[in-house]
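The values are calculated or read from the model by the stated rules, or taken from the named source; none is laboratory data. Treat the numbers as computed from the prediction; the structure is a model and nothing was measured. Don't worry about glycine lacking a Cβ; one is built from the backbone with ideal geometry, like all the others, and counts go over all protein chains shown. To get the accessible areas, we keep the full protein, side chains included, count just its heavy atoms, and leave off ligands, DNA and RNA. Shrake-Rupley method; radii C 1.70, N 1.55, O 1.52, S 1.80 Å.
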Amino acid sequence: MKIFNSIKEIRKEISREKQKGFTVGLVPTMGYLHEGHLSLIKKARRDSDVVVVSIFVNPVQFGPKEDYRKYPRNLKRDAGLCEKEGVDYIFSPSPKSMYPVDYSTFVCVEGLTENLCGKFRPGHFKGVATVVSKLFNIIEPDFAYFGQKDAQQAIAIKRMARDLNMGAKVKIMPTVRDADGLAMSSRNIYLSPKERGKAPTIYRALQEARNLIKLGERNSNRIISKIRVKLLPAVTKIDYISVVDLSTLKDIKVIKSGVLIAAAVWMGQTRLIDNIIVKG
Ligand code: AMP
């Protein structure tokens, strides 16, 4: 496994691999890897000849009051995990090389990024779409892997790749959870033991919503109220609980087919998101 910081160098190396006829799978991450990331890496390893993991805490997707500075970083540990999974290349550029002082180009995925997290994190998805297009341009992967845990991100990236005729086929993989149901996230390490104890309530509330739909409930507001009642005692603040259409991510009032039920909550200073897909 080789680690590259230089955009020029990794480009050269990957183009050499492509000249040999090898397919390339990319797993974009912000590092501090956990089983969720590893599930994407394992899938990439099965699909592609060459696996690239990018590790880059992308400053432009963080708001001014968000956790960019304190976001957990440990390249040495991440490299060990990647090596074990048979990763070929880690690409870990510096923020300066990705965003020179006169950087001026951004990508916006309109329509899919205004609702849900977009309402609470202005500019976030613009930052995500921008960095992912840069990574797609640098690596030119055949396949790129994203987790359903960040459903809005994955759906927006899929749309971006289609709209901008990018060569990468975007694959969305299921959410990996701890044994008690909490969706794995690099941010879970911020949780105090007490908060960690309460955090699985998020998934439990979403599962309860799924059961309600299975039992015939079709009114989204009633479902959202039930989730709210379950969440309120466990969390510090609720950003949103939403029932949205799977392809448009617009709110749905009456459930007629498959939906995404998504929630974002604060446990103390930590913002957690989760979602489930419920087939109609
Ligand atoms: P991050 O490092 O948080 O930016 O995540 C990198 C990629 O891993 C994104 O595509 C995430 O959706 C995905 N990911 C993060 N957590 C999980 C999880 N628990 N299960 C599956 N994929 C995940």
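Things to note:
- Within the range 9-37, restricting attention to residues that are near the ligand (Cβ under 9 Å from one of its atoms) and aliphatic (A, V, I, L, M), the residue that is farthest from C108 (Cα to Cα) is L33.
- Listed here are the strands (runs of 3 or more DSSP E) enclosed by the range 1-114 that have at least 3 residues being buried (at least 16 other Cβ atoms within 10 Å of the Cβ): 24-29, 50-55, 89-91.
- Scanning the range 130-157 for residues that are hydrophobic (A, V, I, L, M, F, W, C), within 13 Å of the ligand (Cβ to nearest atom) and part of a helix (DSSP H, G or I) yields V131, V132, L135, A151, A154, I155, A156, I157.
- Residues (over 18 Å from T175 (Cα atoms) and open to solvent by less than 60 Å² (accessible area, probe 1.4 Å)) located in the range 250-269: I252, I255, M267, G268
- Comparison of A199, A205, A144 shows that the only residue that is without any contact (Cβ under 8 Å) to a residue 60 or more places away in the chain and either within 27 Å of G31 (Cα to Cα) or in contact with a helix residue (DSSP H, G or I) (Cβ under 7 Å, 6 or more places away or on another chain) (or both) is A205.
- Among the residues listed as K194, K226, K198, the single one being within 22 Å of I252 (Cβ to Cβ), of a type in the set (D, E, K, R) and out of contact with any Cys (no Cβ under 9 Å at 6 or more places or on another chain): K226
- For the range 162-178, the count of residues that are open to solvent by less than 60 Å² (accessible area, probe 1.4 Å), without any contact (Cβ under 8 Å) to a residue 40 or more places away in the chain, over 25 Å from P93 (Cβ atoms) and within 14 Å of the ligand (Cβ to nearest atom) is nonzero.
- Where S225 falls short, out of the listed (1) of a type in the set (G, A, S); (2) open to solvent by 50 Å² or more (accessible area, probe 1.4 Å); (3) within 16 Å of the ligand (Cβ to nearest atom); (4) in a helix (DSSP H, G or I): (3)
- Among residues of the range 86-109, those that are touching a residue at least 40 places away in the same chain (Cβ under 8 Å) and closer than 28 Å to M1 by Cβ, counted: 12
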